[in-house]
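Data first, discussion second: the structure below is written as structure tokens.
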Amino acid sequence: RTVYLNGQYLPENEATVSIFDRGFLMADGVYEVTSVLDGKLIDFDGHAVRLERSLRELDMVNPISKEDLLEVHRELVRANGIEEGMVYLQITRGAPGDRDFVFPDPEETEPTIVLFTQNKPGLADSPAAKKGMKVISIEDIRWGRRDIKTVQLLYPSMGKMMAKKSGADDAWMIEDGFVTEGTSNNAYIVKGNKIITRALSNDILHGITRAAVLRFAQEAQMEVEERNFTIDEAKEADEAFITSASTFVMPVVEIDGVALGEGVPGRVAPRLREIYLEESL
Ligand code: PDD
């Protein structure tokens, strides 16, 4: 695989980063995942805008223009022959000479920028989308700035492991009784013709797929309500689903062992997936 590191295209085994990198020592960095379908980048602009925002919120310097970033994405997709898959991008605050809680002077320490691709054939035509997924609920004990897409992913990883151990696919996180989001996706329930999802705040990531799906839903005359919902309300919903760049729209058919409706994907989530894939290509 060809990867990109600080201005260079390299074979993956030649791309190395300092042990003093603050991404490695302190999870001091941000990332984006952009999906690729038919060799084309999906929603690149949205991801680039959110990246800018994440960097700004952490007082990090953006080392690359949007135009150059697009060029690097395209070049990696081309070089690695990606038809379906994703491009991962990470920017950390770089590698000062020592470990220190204080941010290094941006004049002296350059950010580290890494991009690589992952090939995922069958991403659009996923069997999981036809079957639907099972989720469990866990307490949301992450920090309070989940709107910033940082690389602090230990708790989401643990949540995913808890789900796997109990025979489920993912975990929905709960704070003060209300669902925040999935470990790496936004969460929705459907009641009748109404799609309900938590409103944007610092409590959740402002999903790029979320924005697109809500827009498509409204264009298709579906009703959208942005408000908090509890896990109990979710268990009584007609349908549920998640969205993210790596799953698009994926139906949820079971929550904490409780089947939703008939326990198979309903009407709204598969329709939204279809619309999303059609509109994105
Ligand atoms: N995750 N919420 C969280 C906590 C996420 O990590 C993600 C994305 C989303 C959905 O955002 P978007 O639609 O922009 O992908 C919501 C990526 C895919 C990941 O970590 O792999």
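The values are calculated or read from the model by the stated rules, or taken from the named source; none is laboratory data. Everything quoted here is computed from the prediction, not taken from an experiment. Using ideal geometry, Cβ is built from the backbone for each residue, glycine included, and neighbour counts are taken over all protein chains shown.
For the subset of region 1-56 comprising residues that are among the aromatic types (Phe, Trp, Tyr) and more than 24 Å from GLU83 (Cα to Cα), which member is farthest from the ligand (Cβ to nearest atom)?
To start, the set of residues in region 1-56 that are among the aromatic types (Phe, Trp, Tyr) comprises 4, 9, 20, 24, 31, 44.
After this cut, where a residue has to be more than 24 Å from GLU83 (Cα to Cα) as well, the list is 20, 24.
Values: PHE20: 25, PHE24: 18 Å.
Checking each candidate, the answer is PHE20.
Condition first: more than 15 Å from the ligand (Cβ to nearest atom), more than 30 Å from GLU262 (Cβ to Cβ) and in contact with a Gly (Cβ under 8 Å, 6 or more places away or on another chain). Can you find one or more residues in region 95-107 that meet it? If you could, list the steps in order and put the result at the bottom.
Quick first cut of region 95-107, residues more than 15 Å from the ligand (Cβ to nearest atom) only: 95-107.
Cutting the leftovers down to more than 30 Å from GLU262 (Cβ to Cβ) gives us 95-107.
With in contact with a Gly (Cβ under 8 Å, 6 or more places away or on another chain) added as a condition, the list becomes 104.
Checking region 95-107: at least one residue is more than 15 Å from the ligand (Cβ to nearest atom), more than 30 Å from GLU262 (Cβ to Cβ) and in contact with a Gly (Cβ under 8 Å, 6 or more places away or on another chain).
Within region 131-156, track down each residue that is farther than 19 Å from GLY167 by Cβ and charged (D, E, K, R).
The answer is GLU139, ASP140, ARG142, ARG145, ARG146, ASP147, LYS149.
Looking only at region 233-246, decide whether some residue is within 26 Å of VAL151 (Cβ to Cβ) and touching a Lys or Arg at 6+ places or on another chain (Cβ under 6 Å).
yes
What number of residues in region 247-281 are assigned to a loop (DSSP other than H, G, I, E, B) and of a type outside the set (D, E, K, R)? So that I can check it myself, show each step before the final result.
Going residue by residue through region 247-281, those that are assigned to a loop (DSSP other than H, G, I, E, B) are 247, 256-257, 260-267, 281.
So of that shortlist, the ones also of a type outside the set (D, E, K, R) come out as 247, 257, 260-261, 263-266, 281.
Result for region 247-281: 9.
List, please: which pairs have Cβ atoms under 6 Å, are six or more places apart or on different chains, and start with a residue in region 220-242 that is buried (at least 17 other Cβ atoms within 10 Å of the Cβ) and end with one that is part of a helix (DSSP H, G or I)?
That search, which allows pairs on different chains as well, returns GLU239/VAL268; GLU239/ALA269; ALA240/ALA234; PHE241/ALA269.
Please go through region 3-42 and give me each residue that is buried (at least 17 other Cβ atoms within 10 Å of the Cβ) and either aromatic (Phe, Trp, Tyr) or more than 26 Å from PRO106 (Cβ to Cβ) (or both), ordered by number.
Those that are buried (at least 17 other Cβ atoms within 10 Å of the Cβ) and either aromatic (Phe, Trp, Tyr) or more than 26 Å from PRO106 (Cβ to Cβ) (or both): TYR4, TYR31, SER35, VAL36, LEU37, LEU41, ILE42.
Which residue pairs have Cβ atoms closer than 6 Å, lie 6 or more positions apart in sequence or on different chains, and pair a first residue in region 171-189 that is assigned by TED's automatic domain parsing to the domain that holds ASP140 with a second residue that is among the basic types (Lys, Arg) and more than 9 Å from the ligand (Cβ to nearest atom)?
Listed by first residue and then by second, the contacts come to THR183/LYS160.
So which residues in region 173-196 are away from the ligand (no atom under 11 Å from the Cβ) and either surrounded by 20 or more Cβ atoms within 10 Å (Cβ to Cβ) or on the phi < 0 side of the Ramachandran plot (or both), if there are any at all? Lay out the reasoning, then the answer.
Of all residues in region 173-196, those away from the ligand (no atom under 11 Å from the Cβ) come to 174-179, 188-196.
ILE174, GLU175, PHE178, VAL179, TYR188, ILE189, VAL190, LYS191, ASN193, LYS194, ILE195, ILE196, listed by residue number.
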